[in-house]
1. Lysine pairs in the range 379-484 with Cα distance under 19 Å, only those 8 or more apart or on different chains: how many are there?
2. Show me the ranking of peptides 362-375, 246-259, 286-299 by mean Cβ neighbours inside 10 Å, starting with the highest.
3. Express the accessible area of the range 253-402 per residue in Å², computed with a 1.4 Å probe while the remaining protein chains stay in the model.
4. Per the Kirkwood definition applied to all pairs of different Cα atoms, how many angstroms is the hydrodynamic radius of the chain?
5. Tell me, what is the 1.4 Å probe accessible area of E351, in Å² to the nearest 10?
6. About the Cα centre of the range 387-484, what is the dipole size in debye to 20, counting +1 per Lys and Arg Cβ and -1 per Asp and Glu Cβ, all else neutral?
7. Across the range 165-310, what fraction of all alpha-carbon pairs, as a whole percent, falls in each successive 5 Å bin from zero upward?
8. Set the Förster distance to 25 Å, then compute FRET efficiency between R358 and S423 from the Cβ-Cβ distance, nearest 0.05.
Amino acid sequence: MKLSQVLAGVPLCHELSTDIEIHGIAYDSRRVKPGYLFVCITGYQTDGHQYIESAIENGAVAVLVQNEVSTCPIPVIQTEDTRKALALVAANFYDHPEKKLRLIGVTGTNGKTTVTTLIKSILEFFGKKVGLIGTNANMIGSTTLPTERTTPESLELFELFAQMVEAETEYVIMEVSSHSLFMHRVYGLLYDVAAFTNLTQDHLDFHKTMENYYLAKRMLFDVCKQAVVNIDDEAGKRIASEVTCPAISYAIDNPADFTADELRISPRGTIFNLTTDGKTLPIRLGIPGKFSVYNALAAFSTCVALGFDPKTIPDALLVAKGVCGRAETVYTPKTDYTVIIDYAHTPDGLENIIKTVREFAQGRVVTLFGCGGDRDPIKRPIMGEVAGRLSDACIITSDNPRTEEPMSIIRQIEEGMKKTNCSYTVIENRREAILHALTTAQPNDCIILAGKGHETYQIIGTEKRHFDEREVIAEILKSLQKTE
């Protein structure tokens, strides 16, 4: 593809002086191959402009920059924002695959993974070929592809779209993170439907204030044809009042286009009545919890916005499966207690899962959790208070401490825990903490392992170590049963 074609629509600071052939694009100099355009993007830890020489050594034939470059042996093209430009050149290079797909974006602090999975399940129930991009995995139909972040960088995103078009995919459902919106990873996309779940404290290490966090999420609703919004959430009400596109509302506690009542929750799932346009539809969902009702409402509303008949969607929800690491009950043979794994890593998420378990627990609720290192420290004591207030007992341990001292994180969690009357134990090593939880469990206890969810690793220092809580539980139970 000619350089002029790759750069179509990119605002340039000067006229293009050459029109060479471009064989690929990279923003990481280590991935540059002969004939590539190297795009210098400025990150929070490094700056691509520092790696131009390395990119040239690897075969770059042109470089797209944001900052001025004094001398360079290959053509230099300057634009005002290389992050936006990266999305535009990626779309051009892959022949605008996004225009051949129906895009659904889901944003919010909690619930994105479950909502996107439910929408995928509903669409596939109706025989549609569906792609999914999210925290747990990227998928084309039933084929799972690796993922490194909730929303890929724009270059990988458009490459993924191109693969989906080649596989004759019709719909793509995306988790759209606040980071991706703020950092223009999804720049240039127009969504058929954008859904909002909720906004609670998270990522303040990046956004600094809740207003900034809201404004980042809000960006999605400037680039969609229809909005689906949870108006039980204050930020959702604000979005609904601000959007200029048609908006569909859902709620449990407030009047909305789609509402739910008569909730019945058990460890096996949730039953409720969904009301829309004066008609009531019984819904059975194999996922427990009030928050699961909100997720089902979001998925249901989104599919109606896409044009599906509301009367047919309950059958699709009936066969929908839960999401790995979200209110997931772990198989624990020969025990008289229950273990539940959940990804909850925010105050709101932790409160949701504990309250859900409270609704069906016959014995104590024991919560084991920690907080991630190098992330928003403000939420740590808040999570300690939430867990202590709602649990019968707690075990404070490590999550992904990263480069922080694990006990320093735990002490911050304790500040909130000490405001409650909850008895708690501190065990820094997460495996030892799980062992303690299982060996001290009482009949009918519900043990919540919060924070890891679908993750099968721990990040300690800069090392990513294999750590799957399901495997840990199985190994511990096998060892304990051998000693009996």
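The values are calculated or read from the model by the stated rules, or taken from the named source; none is laboratory data. As the structure is a computational prediction, the values presented were derived from the model and not from experiment. Counting neighbours? That spans all protein chains shown, and the Cβs are built from the backbone with ideal geometry, glycine included. When the accessible area is computed, the model is the full protein with side chains, heavy atoms only, and any ligands, DNA or RNA have been set aside. Shrake-Rupley method; radii C 1.70, N 1.55, O 1.52, S 1.80 Å.
1. Numbers: K379/K418; K379/K419; K379/K452; K452/K464.
Count of close lysine pairs: 4.
2. Values: 362-375: 21.4, 246-259: 18.3, 286-299: 24.9.
Packing proxy ranking, top to bottom: 286-299, 362-375, 246-259.
3. Working: 5850 Å² over 150 residues.
Normalised by residue count, the accessible surface of the range 253-402 is 39 Å².
4. Working: mean 1/r = 0.0416 Å⁻¹.
For the chain, the Kirkwood estimate is 24.1 Å.
5. For E351, solvent-accessible area is about 50 Å².
6. Details: 13 positive and 16 negative charges, 17 e Å.
Using Cβ point charges on Lys, Arg, Asp and Glu, the range 387-484 gives about 80 debye.
7. 2, 9, 18, 19, 19, 15, 10, 6, 1
8. Numbers: r = 17 Å, r/R0 = 0.68.
Computed FRET efficiency for R358 and S423: 0.90.
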